[in-house]
Amino acid sequence: MHFLIDADLPRSLKPLIERYGHDATDVRDVGLGGAKDPAIAAYAQSHNLSLMTGDFGFAELKSSLSPFLVPDLRLLRGSRRQGAHCLRKGAFL
């Protein structure tokens, strides 16, 4: 699975995701660090990426638009330790 990490999450999440065998791209590394949610969703959709964010605005965006316009969405809340546990257990897959 290839994740697109939203700017509201720490940069340290990328190597953590990669450590557990997944691919990851940070929005700040592709020029989308200050982009609005629809632009980030469009990028994720066009590159077939699963969006990882802590921003509940994406959930609202997904519910208000066609599911074909918003990518696979993973909302991440809690500590880094909890996130690592979810990656180990495949909870994001």
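Here, each number is a calculation from the coordinates, and none is a lab measurement. This one's a predicted model, so the numbers in the text were calculated from it and none came from an experiment. When we count neighbours, we look across all protein chains shown, and the Cβ atoms used for this are built from the backbone with ideal geometry, even at glycine.
Around F3, with a cut-off of 12 angstrom between Cβ atoms, what is the net charge of the other residues, counting Lys and Arg +1 and Asp and Glu -1? Computed value for this residue: -3. Highest-first packing order for the peptide set 40-51, 19-30 is 40-51, 19-30, based on the mean count of other beta carbon atoms within 10 Å.
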